[in-house]
Structures are given as C-alpha cells and as structure tokens.
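The values are calculated or read from the model by the stated rules, or taken from the named source; none is laboratory data. Values in this document were obtained by computation on a predicted structure and should not be read as measured data. Virtual Cβ from ideal backbone geometry, glycine too; neighbours counted across all protein chains shown.
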Amino acid sequence: MAAQNNAPLPDGLDIAGYRIVKKIASGGFSIVYLAYDEDGNAVAIKEYLPSSLALRQPGELVPVISAENLPIFRIGLKCFFEEGRALARITHANVVSVINFFRANETVYMVMAYESGRSLQDHILRRRDKGEKPLVSERFIRKMFSQVMNGLREVHTNKLLHLDLKPANIYLRVDGTPILLDFGAARQTLRTDSPKLYPMYTPGFAPPELYSKNGNLGPWTDIYSIGASMFACMVGAPPQPADQRKVNDRMESHYRKLEGVYSPELIQVIRWTLMIDPLDRPQSVFALQKALKMSVPVKKEDSRLEKITRKLREVFGLKESDGLENVSSTIQEQSR
C-alpha cells in the first residue's frame, strides 16, 4: 500500500478517559494529539498508525488494514508497545515521560506528559529566517547538547537506542531545557537476542549503518546523529547524507566554512562524531560528553583589563610584548 494521509481522531473525542483536543503532529508512523485527562491535566497522546500499512478515512475510528499488511502492522504494534514499556521505565528530566498505554480502535496509544515549548528545529529555522549570526551560539550548543546527552545516556542504559535523533525530535521547554522526543524509530534494542525491525531514517542525520540491513547498530549510531544535529545548529541544514559521503565526501569544505565562527575544538568534536566508520566515532555518550567538556577553548584575557594594560604600556613606554607582570613591576619601580 502506498503511503497516504490518515484522518486524525475527531476533536472532542473521549477515549480511555482522555478527551482529544486537537492533532498537534503527524508523520508516516504515528499521529500525536493534545488531550486532557480526567483531572484536567494536559497530555500528549501518540497513536500507532503507519500510513504505509493502514488507512483511516474521515469520520472513522478504526483503520482499514489489508490482509497482506496485517502481519507487518502487528509486528510494528508489538514493537511500539515494547518501546513504550522501555520508555516508561525511564525517569529523566531530558527524556519524554511516558505515563500510560492503552489499546483502542484496533491499535495502541502512548500517553506522555505534555510540555510547553518548541522543537530545536523550529528554534533553528526562526533564527535562520531572522538572519542571526552565528545561527546558534557555541555556548548554547555546548550547554543544550550536554543535557541532551544526559538523557541519551539514560536511554542507552535502559538497552534502548533512539535511531532518529534530529532537531525535530529535540524539544525545548520554555526554560530552554531539552527533552528527547519521538522514539518512533527506536526498533532495535541493545540486546543481541532480539529480532530486528529496521527503522526509517532521516537523510543527513542518519549514519551509514542505518542504510544497511546488516548495519552494526549501537550507541555510536545515535552519536552520529548527535553530531549531525549540532552541525545543523551551526549551518541551518543537515550534513551531507551518509550514502553520498561514501561516494564523494564534501564535509571537509563545510567544516572549513565554520572556522572563525565556532572554536576549532568544537568543530573537531563534531568531525569526530560524523566519521563514516562507526569504529572511528566515540563509542559511548560518556566519551563524547568528556570530549565536549575537555574541548572548551581557553577564555581570552578580559577585554576591560586588556584596555587598561594597553594604556599603561603607552604611559610607561613599554612594548606590546610586555605582559601584565612587566607592566606591574615597572609601575612599582617608578613609584619608589
């Protein structure tokens, strides 16, 4: 069945103790709604409804699934449920909070805490449209992605991979703190005894191993996507897609354009995360966090202090090569 747009549940519908307010997002895999629970708390409800396998017409609740697609639909439904169970075990400030799960309309629904804010992608696009330079500050990138990686470490600790990390799936609360969203592509756990159901991937943010059915997936897979997301913050667009890079890698020219705008240390960390060979990347989120922390450039001397020192050099006839210590000692000698 070719992919099509599925009709969302109608506004105002009561389902499993929740009242649907409106659709807030949709994609090829699911539809997300804003809803209220029985106590009036806002929640986000994600409905499993892959558009390539199921069709729901306006005015209907139950989707039509052909006999040919039913086995695949059920496998995906099982994975969706297992993913929800795994996420429900995670309690972390930087990971979306799953609070309930229920079955209805011959599919499954994941209930998550609703947060006010906007996606990192929206943040980038708004700044790009305003012509901001730099597009996103280095300080913002380092601080925000450090928190994203705190959440991702917890995800990996719980034997789950994200596999679709990108600015659209990083949500910024009103206070600026990030939350990892939409684990819809997280179909491969870190357990080697689990059957694989390969994820959809987003070109530019997906590493080469996601293009292959026999790709070796692990923490390094999400790490590539973290680097690609940091790169997107810098230029307003994703890196060159990995399949194209294997034929004609043009990333070095893009890195050079970032010189002078961002520190060499940060550019080098991003270059490391975007290596084509998984073994050449950081092998854990902790290793990447450590590198990002250690690569903070040394701050230049305070500009106000430098101005005072330069003025004192002029007054006492000292050279530019004379440091602050020489200026100080000269003042002491001439004041005796």
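Condition (residue is under 24 Å from Asn169 (Cα atoms), surrounded by fewer than 16 Cβ atoms within 10 Å (Cβ to Cβ) and out of contact with any Asp or Glu (no Cβ under 9 Å at 6 or more places or on another chain)) applied to the stretch 259-269: is it met by at least one residue?
Scanning the stretch 259-269 turns up no residue that is under 24 Å from Asn169 (Cα atoms), surrounded by fewer than 16 Cβ atoms within 10 Å (Cβ to Cβ) and out of contact with any Asp or Glu (no Cβ under 9 Å at 6 or more places or on another chain).
Taking the stretch 158-202 on its own, how many of its residues are surrounded by fewer than 21 Cβ atoms within 10 Å (Cβ to Cβ), modelled with pLDDT of 90 or more and outside any strand (DSSP E or B)?
Result for the stretch 158-202: 5.
Which one is surrounded by the fewest Cβ atoms within 10 Å (Cβ to Cβ) among residues in the stretch 236-253 that are in a helix (DSSP H, G or I) and either in contact with a helix residue (DSSP H, G or I) (Cβ under 7 Å, 6 or more places away or on another chain) or hydroxyl-bearing (Ser, Thr, Tyr) (or both)?
Among them, the one singled out is Ser253.
One residue is enough: does the stretch 306-317 have a residue meeting the conditions among the aliphatic types (A, V, I, L, M), at pLDDT 95 or above and either more than 26 Å from the chain's Cα centre (by Cα) or assigned to a helix (DSSP H, G or I) (or both)?
Step one: of the stretch 306-317, the residues among the aliphatic types (A, V, I, L, M) are 308, 312, 315.
Applying the additional criterion that residues be at pLDDT 95 or above yields none.
Within the stretch 306-317, none of the residues are among the aliphatic types (A, V, I, L, M), at pLDDT 95 or above and either more than 26 Å from the chain's Cα centre (by Cα) or assigned to a helix (DSSP H, G or I) (or both).
Return the residues of the stretch 16-31 that are over 23 Å from Leu53 (Cα atoms) and either among the hydroxyl-bearing types (Ser, Thr, Tyr) or assigned to a strand (DSSP E or B) (or both); say none if nothing qualifies.
Answer for the stretch 16-31, where residues must be over 23 Å from Leu53 (Cα atoms) and either among the hydroxyl-bearing types (Ser, Thr, Tyr) or assigned to a strand (DSSP E or B) (or both): Tyr18, Arg19, Ile20, Val21, Lys22.
Could you give me the residue pairs with C-beta distances under 9 Å whose first residue belongs to the stretch 263-290 and is part of a helix (DSSP H, G or I), whose second residue is surrounded by fewer than 14 Cβ atoms within 10 Å (Cβ to Cβ) and of a type in the set (Asp, Glu) wherever it lies, and which are 6+ apart or on separate chains?
Here the result reads Ile267/Glu259; Arg271/Glu252; Trp272/Asp280, each pair linking the stretch 263-290 to a residue that is surrounded by fewer than 14 Cβ atoms within 10 Å (Cβ to Cβ) and of a type in the set (Asp, Glu).
Does Asp39 satisfy the condition of being of a type outside the set (A, V, I, L, M) and not in a loop (DSSP other than H, G, I, E, B)?
So Asp39 fails the test.
May I ask you to list pairs of residues, at least six apart or on different chains, whose Cβ atoms are under 7 Å apart, with the first in the stretch 240-251 being in the same structural domain as Phe205 (by TED's automatic domain parsing) and the second being part of a helix (DSSP H, G or I) and hydrophobic (A, V, I, L, M, F, W, C)?
These pairs meet every condition: Gln240/Met251; Arg245/Met251.
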